[in-house]
Structures are given as C-alpha cells and as structure tokens.
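The values are calculated or read from the model by the stated rules, or taken from the named source; none is laboratory data. This one's a predicted model, so the numbers in the text were calculated from it and none came from an experiment. In this analysis, Cβ positions are derived from the backbone assuming ideal geometry, glycine residues included, and neighbour counts consider all displayed protein chains.
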Amino acid sequence: MRDEFARYLTTRYSSIKTTFPGKGRRQWLLLALQEFWRNPFFITAQNLTPQMDIEHILEDDDPLDHIAETGELGILVRTDFSNEDAWNAFTTRLADSEKDLSESLRVSSNEDSQSSAPPAADADGGSISESEEDHPPDHVIKAVDPATEQERTIVAGISNITALRLFNDVDIRPAPSRPVGVKRTNTPHPLVDSNGWQEIYTGPDIWIYDSLSNTDGCARAVSQQSDFYGTATGDSWRARASHLPELQFNKICLGMKIDFGGLDRWDANERRRNLAEPYPTKLGDLA
C-alpha cells in the first residue's frame, strides 16, 4: 500500500469502522479514500511521520473474500443472466482452454527438466534435492456465477469500477506522467488524475461477462490502473473466452502488458460509465 494513503488510514480507519459497522475492509478503505480526495493536502511536511503498522487493517475480513481470495489469478464475474446456454458455452470454452494451457505448461516443464543437468551429490553421495518444483496451474481464472437472487442483484450489469471495488482492494499511486505538450485534464478525476494522484486497485484480475458476451463470446478485461496519461483506472477491452487463460497466465507470470502500442483503444463507453459512477457512500451500496 502506498505510504501516503497508509498514513491517512492510521488516522481515520478505526473511526470509519465504528461509524459503518459490518461493511468489511473494501468498503472501509473506499470510504477513507473518499475522505482523502476531499483533503488532498493532508500529506504535508509535518504529516510525513514514519508509517504506522497497518497490517491489522489489511487483515480485516471482507464479505467477498471467499470469492476474491481463492488462489486463482483472475475472476470471471457473470453480470448478465439472460442466456444460460450462452453462459454455459462460454465457461466450457474457458475450461477447455485452461486444460490446453495446463497441458502445454506441463510439457514445457518436463522438457526443461529433462534437458537440465543432474543434481549435484552431497557429502554422503546422495543427490541434493531442490525445493519441490511448482506444478502448472489447473485453473487460472475462477468463474463466479451468483446463485441467489440477492447475489445476482449485487453484480447485475455492474460497471468495471464497481467490479474492482467489490473484488479488489483500493490504493493510490502518482498519476502517470504527462508527455511534453500535454495539458493536465480539465476535469480532475481520481480514476485519471486528482492533484497528481490516481485511484488504483490490487488483487485478482477482473474479467466481466456481460450482455454482449452472450453473442460475441468475449469478456471485458478490466484494468486495475491506467496505462498512460489520459487513460483511466477501470478501462477495459474485450477478449474471447478461448484466449482468457493464456492472457491471464502471460500477464501475471510472464509480465505481458496490453498497451495497444501507446494508442488509446480502450472502450470509451465503459470509461465514461466509470467516470460518471459515484463512490459507494451509503450502507448497502456495494455488498
């Protein structure tokens, strides 16, 4: 967590928990950040004291931890419930692609093991064993299909930024640097640039199955932070179900980055929707 936000939390988090009991870590962090944006000059010279321990904050429970903290690299959230056949076909393609990826990684891992030199011998003549080799993952994306009407109401038709706020933890970072000749945005916004800072999210990657997924077989790939100045946290683009596992693995494990060659090709409609969405300030606004 960014030091500047962590220091603010040490002054306000406990009070927010008391005022809004039972809401969970993610909403408490969001409420604290909303206050932070209203007081952007909180971090002044006299406030830059050594960071206090915030581990107890990060260890607080959240109602959706059972979804967001299960070990997969990403989460596919179903937000449209109008076509069961299309959803089943999508998740079948996703599962098949995960199996193909897992098999490919196992073959590659076996080939690397066979080509490596034999282990050195220890003083007693036995081989020196290394730590157990990591096995390729069987699943890299968890498909979340809410079962009850109440759960479906929470996620039905949600925006990218709402999905991030539900399943990721919020943080801040300095806004991306502005290229020479580019002016600061005329309408400051935390998802882009608010007094030089930007709202970002950490946690598993978010993929969203929406109403368009029923016909195009794609999901929205949601960005946890913007790419370059002028783009926004929560920007998205669409990827086919069969491509999701490889994209997810390459992004997290191999450091692949989707940047469209420096061009702004993210979904403009979804960005506008994110920027227009208010903070969840009332109890029950999220979960």
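Please verify whether Asp171 is within 18 Å of the chain's Cα centre (by Cα), farther than 30 Å from Ala86 by Cα, assigned by TED's automatic domain parsing to the domain that holds Ser242 and in a loop (DSSP other than H, G, I, E, B), treating the condition exactly as stated. Criteria not met by Asp171. Give Arg178, Arg271, Arg220 a once-over and let me know the one that is touching a residue at least 12 places away in the same chain (Cβ under 8 Å), out of contact with any strand residue (DSSP E or B) (no Cβ under 7 Å at 6 or more places or on another chain), more than 30 Å from Lys17 (Cα to Cα) and basic (Lys, Arg). Selected residue: Arg271, the only one of Arg178, Arg271, Arg220 that is touching a residue at least 12 places away in the same chain (Cβ under 8 Å), out of contact with any strand residue (DSSP E or B) (no Cβ under 7 Å at 6 or more places or on another chain), more than 30 Å from Lys17 (Cα to Cα) and basic (Lys, Arg). The listed residues are Phe228, Phe249, and the only one of them that is aromatic (Phe, Trp, Tyr), crowded, with 21+ Cβ neighbours inside 10 Å, touching a residue at least 12 places away in the same chain (Cβ under 8 Å) and out of contact with any Asp or Glu (no Cβ under 6 Å at 6 or more places or on another chain) turns out to be Phe249.
Here is a yes/no grid of residues against (1) assigned to a helix (DSSP H, G or I); (2) outside the structural domain of Arg25 (by TED's automatic domain parsing); (3) crowded, with 17+ Cβ neighbours inside 10 Å:
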| position | (1), (2), (3) |
| --- | --- |
| Ser211 | no, yes, no |
| Arg220 | no, yes, yes |
| Met256 | no, yes, no |
| Arg271 | yes, yes, yes |
| Pro278 | no, yes, no |
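Of the residues contained in region 25-47, none is found to be loosely packed, with under 13 Cβ neighbours inside 10 Å and modelled with pLDDT of 90 or more.
Considering (1) touching a strand residue (DSSP E or B) at 6+ places or on another chain (Cβ under 8 Å); (2) over 30 Å from Phe228 (Cβ atoms); (3) at pLDDT 60 or above, the lone condition that Val107 does not fulfil carries the number (1).
The set of residues in region 197-225 being polar (S, T, N, Q), more than 20 Å from Gly157 (Cα to Cα) and in contact with an Asp or Glu (Cβ under 7 Å, 6 or more places away or on another chain) consists of Thr202 alone.
Among the residues of region 231-246, those identified as closer than 17 Å to Leu73 by Cα and touching a residue at least 40 places away in the same chain (Cβ under 8 Å) are Ala241, Ser242, His243, Leu244, Pro245, Glu246.
Checking the structure you have, find out if any residue of region 61-69 is at pLDDT below 90, in a loop (DSSP other than H, G, I, E, B), assigned by TED's automatic domain parsing to the domain that holds Ala147 and under 21 Å from Ile200 (Cα atoms). Yes, there is a match, as at least one residue in region 61-69 is at pLDDT below 90, in a loop (DSSP other than H, G, I, E, B), assigned by TED's automatic domain parsing to the domain that holds Ala147 and under 21 Å from Ile200 (Cα atoms). Look at region 186-221 and say how many of its residues are in contact with a Phe, Trp or Tyr (Cβ under 9 Å, 6 or more places away or on another chain), of a type in the set (Ser, Thr, Tyr) and modelled with pLDDT under 95. Summing the residues that are in contact with a Phe, Trp or Tyr (Cβ under 9 Å, 6 or more places away or on another chain), of a type in the set (Ser, Thr, Tyr) and modelled with pLDDT under 95 in region 186-221 gives 1. Would region 150-168 turn up any residue that is assigned to a loop (DSSP other than H, G, I, E, B), among the β-branched types (Val, Ile, Thr) and at pLDDT 90 or above? Yes, because at least one residue in region 150-168 is assigned to a loop (DSSP other than H, G, I, E, B), among the β-branched types (Val, Ile, Thr) and at pLDDT 90 or above.
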